[in-house]
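J.: Handing you a structure now.
The values are calculated or read from the model by the stated rules, or taken from the named source; none is laboratory data. Note that the structure is a prediction, hence the values are computed from the model and not measured. Glycine gets a Cβ as well: all are built from the backbone with ideal geometry, and neighbour counts include every protein chain shown. Protein only, heavy atoms only, side chains kept; ligands, DNA and RNA dropped before computing areas. Shrake-Rupley method; radii C 1.70, N 1.55, O 1.52, S 1.80 Å.
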Amino acid sequence: MRHVIDIPPEIVARVVKRCGTPHPFATLDPARTALLVVDMQYGYISLEVGHSCVPTAAGIVPAINSLAATLRDAGGMVCWIQNASDEKSRIEWSVLEEQASPERRAARIRSISPGTPGHAFWDGLDIREGDEIVPKFRYSCFIRGASDLEDRLRARGIDTVLVTGTLTNVCCESTARDAMMLNFRTIMVSDANAAMTDAEHNASLINFYLSFGDVQSTAEVEAALKAGKAARAA
């Protein structure tokens, strides 16, 4: 199952009015680009072990793998973000625990604690040697206490990030917004993110597109990466 992408023409028109173009980040330098794959773990995909299973998440795996292969081939960076819950994070982010019922808290701990089946990456992902595995302890990869992703990206000279994974409107959008505010050129990939419903997915993409960054399809991103690779070789 895949999302039906619906970004109305009037939204595109507002972006064009703001940016002068429907895609402000249409040109990509692969060597300065990172693919962020957010939370594609059994805890968010498998009904058997997960606590928050997203019905469309398994369907975006081919797009994610294709993007990863294209970016690796072009000389970019691939980062697999692995969400987790441990005692330290539950104390430091206690407000999340307060919002959840005891049953929900217990399910999340069972699902994404390091070492549990739900914490593991989905088997269908094409994770390769040389890719980065980044533990994450908040919704956003970039907020204080979440991960060391920003340091890794800066060390590689990355200035552009492609955000994929699940959930579109929670960890992916949170990560994408913070990336933009940390001065990364940020693209949410429309058909490589997954939410609980089409409505939530499209609302998140629209909101991000209007104010924070770019939204492109896998095909559009891959074309730009291949063009960028050819430009470097010329």
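Residue by residue, here is whether (1) modelled with pLDDT of 95 or more; (2) assigned to a helix (DSSP H, G or I) holds:
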position	(1), (2)
Leu35	yes, no
Gly43	no, yes
Ile60	yes, yes
Trp80	yes, no
Ile91	no, yes
Val95	no, yes
Arg108	no, yes
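J.: Pull up segment 131-146, narrow it to residues that are open to solvent by less than 60 Å² (accessible area, probe 1.4 Å) and in contact with a Phe, Trp or Tyr (Cβ under 8 Å, 6 or more places away or on another chain), then point me to the one that is modelled with the lowest pLDDT.
T.: Per the criteria, the residue is Gly145.
J.: Quick check on my filter: what residues within segment 17-53 are buried (at least 16 other Cβ atoms within 10 Å of the Cβ) and charged (D, E, K, R)?
T.: Hits for segment 17-53 are Asp29, Arg32, Asp39.
A quick yes/no check of all residues on (1) surrounded by fewer than 21 Cβ atoms within 10 Å (Cβ to Cβ); (2) of a type outside the set (D, E, K, R):
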{"position": "Ala155", "(1), (2)": "yes, yes"}
{"position": "Asp159", "(1), (2)": "yes, no"}
{"position": "Gly165", "(1), (2)": "no, yes"}
{"position": "Arg185", "(1), (2)": "yes, no"}
{"position": "Ala192", "(1), (2)": "no, yes"}
{"position": "Thr218", "(1), (2)": "yes, yes"}
{"position": "Val221", "(1), (2)": "no, yes"}
{"position": "Lys226", "(1), (2)": "yes, no"}
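J.: Take the conditions out of contact with any helix residue (DSSP H, G or I) (no Cβ under 8 Å at 6 or more places or on another chain) and closer than 27 Å to Ala69 by Cβ and apply them to Val170. Does it pass?
T.: Working: out of contact with any helix residue (DSSP H, G or I) (no Cβ under 8 Å at 6 or more places or on another chain): yes; closer than 27 Å to Ala69 by Cβ: yes.
Yes; evaluated as a whole, the condition is true for this residue.
J.: Condition test on Leu149, is it more than 23 Å from Pro55 (Cβ to Cβ) and open to solvent by less than 10 Å² (accessible area, probe 1.4 Å)? Explain how you work it out, then say what you get.
T.: On the way: more than 23 Å from Pro55 (Cβ to Cβ): yes; open to solvent by less than 10 Å² (accessible area, probe 1.4 Å): yes.
For Leu149, the condition - more than 23 Å from Pro55 (Cβ to Cβ) and open to solvent by less than 10 Å² (accessible area, probe 1.4 Å) - is met.
J.: Would you call Ile11 open to solvent by less than 30 Å² (accessible area, probe 1.4 Å) and part of a helix (DSSP H, G or I)? Walk me through how you get there before you give the answer.
T.: Values: open to solvent by less than 30 Å² (accessible area, probe 1.4 Å): yes; part of a helix (DSSP H, G or I): yes.
Yes, satisfied.
J.: Which one is surrounded by the most Cβ atoms within 10 Å (Cβ to Cβ), of the residues in segment 118-130 that are under 16 Å from the mean Cα position of the chain (by Cα) and over 11 Å from Ile81 (Cα atoms)? Please lay out each step first, then the result.
T.: Just the residues of segment 118-130 that are under 16 Å from the mean Cα position of the chain (by Cα), to begin with: 121-122, 125-127.
With over 11 Å from Ile81 (Cα atoms) added as a condition, the list becomes 122, 125-127.
Numbers: Trp122: 19, Leu125: 16, Asp126: 14, Ile127: 17.
This residue is Trp122.
J.: On to the next question. Out of segment 54-104, which residues are open to solvent by less than 40 Å² (accessible area, probe 1.4 Å), free of Cβ contacts under 8 Å to residues at least 12 places away in the same chain and within 21 Å of Thr166 (Cβ to Cβ)?
T.: Correct list: Leu96, Ala100.
J.: So is Ile5 of a type in the set (A, V, I, L, M) and outside any helix (DSSP H, G or I) or not?
T.: Numbers: of a type in the set (A, V, I, L, M): yes; outside any helix (DSSP H, G or I): yes.
Yes: the conditions hold for Ile5.
J.: Out of all the residues in segment 53-60, is one or more under 19 Å from Met180 (Cβ atoms) and hydrophobic (A, V, I, L, M, F, W, C)? Before you say what the answer is, go through the steps one by one.
T.: As a first pass, look at segment 53-60 and keep what is under 19 Å from Met180 (Cβ atoms): none.
Within segment 53-60, not a single residue is under 19 Å from Met180 (Cβ atoms) and hydrophobic (A, V, I, L, M, F, W, C).
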